Amino acid sequence: FPLSTGSTLCSYELQPSEYTTDTRAAKLCPKYPVPESAPIPFFHRCAPVNISCYAKFAEALITFVSDSSVLHRLISGVMTSKEIIMGLCLLSLVLSMILMVIIRYISRILVWILTILVILGSLGGTGVLWWLYAKQRISASAVDTQVAKDNLQALLIYAISATVFMVILFLIMLIMRKRVALTIALFHVAGKVFIHLPLLVFQPFWTFFVLILFWAYWITVLLFLGTTGSPVPNEEGFVEFQMVGPLKYMWWYHVVGLIWISEFILACQQMTVAGAVVTYYFTREKRNLPFTPILASVNRLVCYHLGTVAKGSFIITLVKIPRMILMYIHTQLKGKENACARCMLKACICCLWCLEKCLTYLNQNAYTATAINSTNFCTSAKDAFVILVENALRVAAINTVGDFMLFLGKVLIVCSTGLAGIMLLNYQRDYTVWVLPLIIVCLFAFLVAHCFLSIYEMVVDVLFLCFAIDTKYNDGSPGREFYMDKVLMEFVENSRKAMKEAGRGGGAEGRELKPM
């Protein structure tokens, strides 16, 4: 630097040629403006050696948090209520497991129990929120603090939202009340499935663990891609890594791989569950079931059906990528495009989302058809589509109601955990903000309930397709006996009687049961 610019950096006692060789340079020359660094063993990055750099960063972060009053109050609310948050998260886990036990052993009355509990829970939760709001408003004049005002406003928002949600929920339950009987038979059989295959409950945890491992690997490769290529100094004197040739497109390849492999892992879970449930359904003597139907299903998946799962997940990827591109364009053009372009973008995004959901549902049924017939993906998808079209009214009557009842179970767990959180956090309303702790607890309760009940929802969907195939190719006569459970046989007989009565009477109730 001094030879090329003529600027002397060190003391005049040293000549420029001695800057890097003389032992006095450490005292007579200035320190580098960049902290001394060393390479990290992983990811090929340099990091400061002196730990004081990290201490200064932590100090700056703490200063930022302390200066932000709103953020400080939210974080202090979470830290003050951390024991309550952990206890409520554990409560949601216990409630989800209790609900699974109830589904297994009292499935016949589960639907009515859930309906009554959800009604009582919605009424009770909404009433408690309005009562707390009225009580807090009366005592707000005595405690005039910003925290108390924030809690009062949050209570009003919660109470109004709970009231609107309660009205919508009651209307949906009123519309679907006549179809409740169609769900009980499948719920009863699904409960028997979990009795014989209890390890199905833990499938979401294994899938989540595999996804975490894959995402960690994906992030590792992403960091390596950041320094792939040739280091070239730019105009400002800094070093940039320029990728040439095929390396320039590795980012796109990596992003597509993230979506495809994630969908592939989820599809493997669906295929595993479908194979285990199909084995249970089409085994007449349940005593002859394999020792581990789930491991047998995994073995069949690895040996014969990986291509089927890969093709199904790739189709979902082909639909998901354009939707993500359109969402990115919509985000970048926000506020710049005209009303017509904004409407067209939202319409395209909505259509692609609907197509993705339909294909996901068709894929799940295609995996079930593959587990039954051991056919390839296209043949299985065609067979599943034909059966679903032939049983369109049954799909609407059984599958939708089953999903709705499981949704009520999730609502029950979230409402119960949220109500317990309101009652516990209410004692701290004068000196801490409990908006964020309550949101954290409710989100965790929903995630836990979803993990447990999503498997139950998947089992109901697989049982329905097995039931539809069973009724299509068998009629109960000698040589063509049904594989279905006795509860489903009774359901079919009752449906046949209802169809005959509907043909004679033509009443409203007859038309309601006519699809079966």
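The values are calculated or read from the model by the stated rules, or taken from the named source; none is laboratory data. Computed from a predicted structure; not experimentally measured. Heads up, the Cβs are rebuilt from the backbone with ideal geometry, glycines too, and the neighbour counts pull from every protein chain shown. Calculation scope for accessible area: heavy atoms of the full protein, side chains included, ligands and nucleic acids excluded. Shrake-Rupley method; radii C 1.70, N 1.55, O 1.52, S 1.80 Å.
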*Taking the condition assigned by the TED database to the domain that holds Lys486, open to solvent by 30 Å² or more (accessible area, probe 1.4 Å), over 28 Å from the mean Cα position of the chain (by Cα) and closer than 30 Å to Phe467 by Cβ, does Asn288 pass?*
yes
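Which one is farthest from Tyr456 (Cα to Cα) among residues in the stretch 216-232 that are open to solvent by less than 70 Å² (accessible area, probe 1.4 Å) and touching a residue at least 60 places away in the same chain (Cβ under 8 Å)? So that I can check it myself, show each step before the final result.
To start, the set of residues in the stretch 216-232 that are open to solvent by less than 70 Å² (accessible area, probe 1.4 Å) comprises 216, 218, 220-223, 225-230, 232.
Narrowing further to those that are touching a residue at least 60 places away in the same chain (Cβ under 8 Å): 220, 223, 227.
Details: Thr220: 35, Leu223: 38, Thr227: 45 Å.
The qualifying residue farthest from Tyr456 (Cα to Cα) is Thr227.
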*Would you check which residues across the stretch 456-473 are more than 12 Å from Gly191 (Cα to Cα) and not hydroxyl-bearing (Ser, Thr, Tyr) and list them?*
Met458, Asp461, Val462, Phe464, Leu465, Cys466, Phe467, Ala468, Ile469, Asp470, Lys472
_Qualifying positions in the stretch 329-363 - at pLDDT 85 or above and of a type outside the set (A, V, I, L, M, F, W, C)_ = Lys346, Glu356, Lys357, Thr360, Tyr361, Asn363
*Could you pull out the residue among Leu258, Leu213, Leu200 that is under 22 Å from the mean Cα position of the chain (by Cα), open to solvent by 90 Å² or more (accessible area, probe 1.4 Å), of a type in the set (A, V, I, L, M) and assigned by the TED database to the domain that holds Lys486?*
Leu213
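Matching residues to (1) closer than 30 Å to Val487 by Cα; (2) at pLDDT 90 or above; (3) among the polar types (S, T, N, Q):
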residue	(1), (2), (3)
Leu186	yes, no, no
Val201	yes, no, no
Ala216	no, yes, no
Gly226	no, no, no
Pro231	no, no, no
Gln242	no, no, yes
Ala274	yes, yes, no
Val278	yes, yes, no
Arg287	yes, no, no
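Yes/no per residue for (1) out of contact with any helix residue (DSSP H, G or I) (no Cβ under 9 Å at 6 or more places or on another chain); (2) of a type in the set (Val, Ile, Thr); (3) open to solvent by 90 Å² or more (accessible area, probe 1.4 Å); (4) in the same structural domain as Thr228 (by the TED database):
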| site | (1), (2), (3), (4) |
| --- | --- |
| Leu3 | no, no, yes, no |
| Thr8 | no, yes, no, no |
| Asp22 | no, no, no, no |
| Lys31 | yes, no, yes, no |
| Glu36 | yes, no, yes, no |
| Arg45 | no, no, no, no |
| Pro48 | no, no, no, no |
_Within the stretch 293-309, does at least one residue satisfy the condition of being open to solvent by less than 80 Å² (accessible area, probe 1.4 Å), closer than 22 Å to Cys268 by Cα and under 21 Å from the mean Cα position of the chain (by Cα)?_
yes
